[in-house]
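Here is the structure we will look at.
The values are calculated or read from the model by the stated rules, or taken from the named source; none is laboratory data. Just so we're clear, the structure is a prediction, and the values are computed from it rather than from any experiment. When we count neighbours, we look across all protein chains shown, and the Cβ atoms used for this are built from the backbone with ideal geometry, even at glycine.
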Amino acid sequence: MARNKVFGSFAEAVADIPDGATIAFGGFAGPGTPYNLTKALLEQGAKRLTCIANTTGGAHQPRMPDIGMLVENGQVAKVICAFTAATRPTDQLPFTPYYERGEVAAELVPQGTLAERLRAAGAGIPAFYTPTAVGTELAEGRETRIINGREYLLEYALPCDVAFIRAWRADTAGNLQFRLAQRNFCPLMATAAKLVVVEVEEEILPAGSLDPDHIHTPGIFVQRMVKIPPAPEGLWTVRRQERAR
Amino acid sequence: MARNKVFGSFAEAVADIPDGATIAFGGFAGPGTPYNLTKALLEQGAKRLTCIANTTGGAHQPRMPDIGMLVENGQVAKVICAFTAATRPTDQLPFTPYYERGEVAAELVPQGTLAERLRAAGAGIPAFYTPTAVGTELAEGRETRIINGREYLLEYALPCDVAFIRAWRADTAGNLQFRLAQRNFCPLMATAAKLVVVEVEEEILPAGSLDPDHIHTPGIFVQRMVKIPPAPEGLWTVRRQERAR
Amino acid sequence: MSSTTETKGWDRQQMADRLANEFQDGWIVNLGVGIPTLCSNTDIGDRDIIYHAENGVIGYGPVLPAGQEDLHLVNAGGQNVSLKPGAAIVHHADSFGIIRGGRIDVTVMGAYEVSAGGDFANWKLAGQLGGGIGGAMDLAACAQRVFIILEHTTRKGESRLLPRCTLPVTARGVVTLVATNLGLFAPNGGGFTVKELAPGVSFEEAQAKTAAPLTAG
Amino acid sequence: MSSTTETKGWDRQQMADRLANEFQDGWIVNLGVGIPTLCSNTDIGDRDIIYHAENGVIGYGPVLPAGQEDLHLVNAGGQNVSLKPGAAIVHHADSFGIIRGGRIDVTVMGAYEVSAGGDFANWKLAGQLGGGIGGAMDLAACAQRVFIILEHTTRKGESRLLPRCTLPVTARGVVTLVATNLGLFAPNGGGFTVKELAPGVSFEEAQAKTAAPLTAG
């Protein structure tokens, strides 16, 4: 009996996410970002979350559901990401003042180290060495090791309870395809999490519809999928959303 | 000026492989194995090679060009692989007596560790921890570490000078697609080697012919490709070769 | 079960059948070379089992007859298998990421020896230089369960179920279930618990052929 | 060069053009957010350059005008770019594998400060809690070359080319070439070597605006 992985609504797909969960959010500069699942989580209200993502979002207008909104909604205890502040002094992330006031904790991680720590968690590698961040403030007081004459920093795997990701196509077995820059962190987070919830852009196809050679995330990693309905119920990218209005 | 990566013959593609090179050979139980490049290397004659592969080959008839033949030809100083002997006492690998007489060195590595060491070399990770082989003879005297209450073994990246792999389809930019079980170690070896030489089953297509979302090895890793000609010049799998006779 | 027999004990397919019947709906299963591959022949009803092979094939099906093979598609034993709907292919590092990441519900392997403590040995014979590890150490260390299929005794009649392994081990303390031609056994630290005896095999005969104490299950 | 100007010094595009003209045929190039992305506008003849972005896009081309964008395709700055023939997509871990593996021939980044020793700072402002690292530390530590583009001085007129960085560094000793509005400079340990001065900029003026000793190239 193949399990049913297709859920009818985002609310249903996130209903049992508990307080205190560690959740990874896919996406990079738009593509792959799980706007719909994030919106459902805002409504669901789970608290004391640890959120893992490239960024907390919200630097640009119009805003889409993001970690910054979860922070504003009092749902976040900690973020782990590659940006806790914007690099341009004139920008400000909504998250930043909460961090500066000590209301939310943050762990700032170089983007490649973040990706590799997620990949390591999914691949049963508990720790690895990387040249990134050696000699910087981020390496102060931390364990390093000289290997073949170069200094490397020890980094640990970053497992998650839940991953929210967005895919282009899927089949009922949970196999996923991402389109172009949508792939980014999504396949890594899918391997690192115990519960993987996916918002899918196209119709979810019968198992066997996707070429086995061209699957980016095998179905064994995926537990829940929701087809994104057309706007106004479903959220697409910022620009698509604008067009749909 | 895009470089020309398409070579006219296997001999030309392996002509400058020097004595003492470390060469990784793709393939697992047939698919992905670079029979034609191996045959060309037998004819080219480079010596004191270190050969990395899942196995040295030659356990079954009819034999195809393999590392065992390079050993018989006096070209190999060392092998690094997951089998230095067959697991069934009644089988014998051609390599094994050379190893037992001390004429060739060997490093026996669990298959997953072999794959991960190659992946690490390609990804700029100099070392990592793994649970595999802890408590076995292979871990004796080696560095281990307790992480979150479990013991792990330290393993180092395995970079190569050259990788010989076999692909299904390719474009002139060097982008590769593998078909089904042909993928195995090939994409990892392509990232771990300085010089990647590919035998390609189908016609090599103009750059842009392959869907960017469905490329298993990006062209930036590939330097040389040779289209496999029809038999008798080109070697396919054992069974195809038999059929072609 | 795929066949019945008048002969005492189980044949190779029956040993595989007995373990395959332990597979639960939804499990991801890795089958080792040799007798374990026979598990995929077992009819276990409507249970949905995903077979994973070390070379990155996820969701393979039965071995295909000569002439119908796809030469690009092999399982870990090099047999030309089919794919089930929903199959996916990954490379070797991702495949062992699945293994080390604990996603394999059970690995079924052959072995030379199994110990009462759940150790097993399947990569190196006595006096051999080197050996053949393949993916066995990764699977043994990381799968959720390790099941072993082996003949109960050597050709000389010596027990392969032992208080301690005499050969170099593949992993320690990981085996939970062992099928032999005499029955189904579970290592219990001090010896083996008899979960089931094959037809015509008595407890006394099984004990006589086992170098570690048996306990009635 | 894409444009000429009567104004003294280089504008943003000219700074980018000057560095882009250092790119060699066949290079794999990563461009940081901001001024560095302007390098992909530079006409450098028939040299074949492969632009790589942190999000795994290998082989992207110019930014597309509004209405022609593919919303699934962005560079590291979130701009909707095109793909060149031969492009390929990988995930973030493989993308940073390419970076850490030393496959990037040059990364061009913006910065707050560059030091005579080749250190640079671009992730954390003075007194700030946390910052924005993105992929800068991975790229800085692992690319074959690090080129920096920045305005020569702050809005207050203070030199951004310094004997030592005052802000937390992104990486140490990695910068080999710096383009500013005043010219092209190379850190040399004790100061900076002047490789080229922008039109209308004298050595004396450049020195007056630089907090480290300049040497004629």
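Some observations on this one:
- Residue match in the stretch B:60-77 (condition: of a type in the set (D, E, K, R) and surrounded by fewer than 20 Cβ atoms within 10 Å (Cβ to Cβ)): yes
- Filter pass, D:ARG164 being within 23 Å of D:GLY9 (Cβ to Cβ) and basic (Lys, Arg): no
- Residue match in the stretch D:124-136 (condition: more than 30 Å from A:GLY26 (Cα to Cα), crowded, with 18+ Cβ neighbours inside 10 Å and touching a Phe, Trp or Tyr at 6+ places or on another chain (Cβ under 6 Å)): no
- Qualifying residue in the stretch B:45-63 (condition: within 26 Å of B:LEU180 (Cα to Cα), basic (Lys, Arg) and either at pLDDT below 95 or in contact with a Leu (Cβ under 6 Å, 6 or more places away or on another chain) (or both)): yes
- Counted as qualifying within the stretch C:1-114 are the strands (runs of 3 or more DSSP E) with 1 or more residues that are surrounded by fewer than 21 Cβ atoms within 10 Å (Cβ to Cβ) and either at positive phi or more than 7 Å from every other protein chain (Cβ to nearest Cβ) (or both), namely C:57-63, C:81-89, C:106-110.
- Residue match in the stretch B:94-101 (condition: out of contact with any Gly (no Cβ under 7 Å at 6 or more places or on another chain), free of Cβ contacts under 8 Å to residues at least 60 places away in the same chain and surrounded by 19 or more Cβ atoms within 10 Å (Cβ to Cβ)): yes
- Test for B:ALA207: is it within 11 Å of chain D (Cβ to nearest Cβ), in contact with a helix residue (DSSP H, G or I) (Cβ under 7 Å, 6 or more places away or on another chain) and of a type in the set (Gly, Ala, Ser): no
- Considering residues of the stretch D:123-138 that are facing chain A (nearest Cβ under 7 Å), among the small types (Gly, Ala, Ser) and in a loop (DSSP other than H, G, I, E, B) only, the residue farthest from the chain's Cα centre (by Cα): D:GLY130
- Selection status of D:GLY130, under 20 Å from A:PHE83 (Cα atoms) and free of Cβ contacts under 8 Å to residues at least 40 places away in the same chain: yes
- Just one of the listed residues (B:LEU49, B:LEU42) is closer than 22 Å to B:LEU195 by Cβ, more than 14 Å from chain C (Cβ to nearest Cβ) and crowded, with 21+ Cβ neighbours inside 10 Å, namely B:LEU49.
- Any hit, the stretch D:107-118, residues being in contact with a helix residue (DSSP H, G or I) (Cβ under 7 Å, 6 or more places away or on another chain), modelled with pLDDT of 95 or more and of a type in the set (Val, Ile, Thr): yes
- Residue in the stretch D:141-161 that is outside any loop (DSSP other than H, G, I, E, B), within 11 Å of another protein chain (Cβ to nearest Cβ) and either of a type outside the set (Phe, Trp, Tyr) or surrounded by 24 or more Cβ atoms within 10 Å (Cβ to Cβ) (or both) present: yes
Condition check ((1) out of contact with any helix residue (DSSP H, G or I) (no Cβ under 8 Å at 6 or more places or on another chain); (2) closer than 24 Å to D:PHE23 by Cα) across all residues:
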| position | (1), (2) |
| --- | --- |
| D:ARG145 | yes, yes |
| D:GLY157 | yes, no |
| D:ALA171 | no, yes |
| D:VAL175 | yes, yes |
| D:ALA179 | no, yes |
| D:VAL201 | yes, no |
| D:ALA206 | yes, no |
| D:ALA216 | no, yes |
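- Which numbered condition A:GLY112 misses (of (1) assigned to a loop (DSSP other than H, G, I, E, B); (2) facing another protein chain (nearest Cβ under 7 Å); (3) touching a Ser or Thr at 6+ places or on another chain (Cβ under 9 Å)): (1)
- Answer residue from the stretch B:74-101, given it is within 24 Å of B:ALA46 (Cβ to Cβ) and among the small types (Gly, Ala, Ser) and is farthest from the other protein chains (Cβ to nearest Cβ) among those: B:GLY74
- Inside the stretch A:201-219, residues that are within 19 Å of A:PRO230 (Cα to Cα) and buried (at least 21 other Cβ atoms within 10 Å of the Cβ) make up a count of 0.
- Checked against (1) free of Cβ contacts under 8 Å to residues at least 60 places away in the same chain; (2) of a type in the set (S, T, N, Q); (3) more than 30 Å from C:ALA66 (Cβ to Cβ), B:THR191 passes all but a single condition, namely (1).
- Residue satisfying all of: in the stretch B:115-133; aliphatic (A, V, I, L, M) and not in a loop (DSSP other than H, G, I, E, B); farthest from D:ARG100 (Cα to Cα) among these: B:ALA115
- Residues being in contact with an Asp or Glu (Cβ under 7 Å, 6 or more places away or on another chain) and under 13 Å from D:HIS152 (Cα atoms) - total across the stretch D:174-191: 4
- Contacts under 7 angstrom Cβ, first residue in the stretch B:128-140 being within 13 Å of B:VAL109 (Cα to Cα), partner polar (S, T, N, Q) and part of a loop (DSSP other than H, G, I, E, B), 6 or more apart: B:THR136/C:THR170
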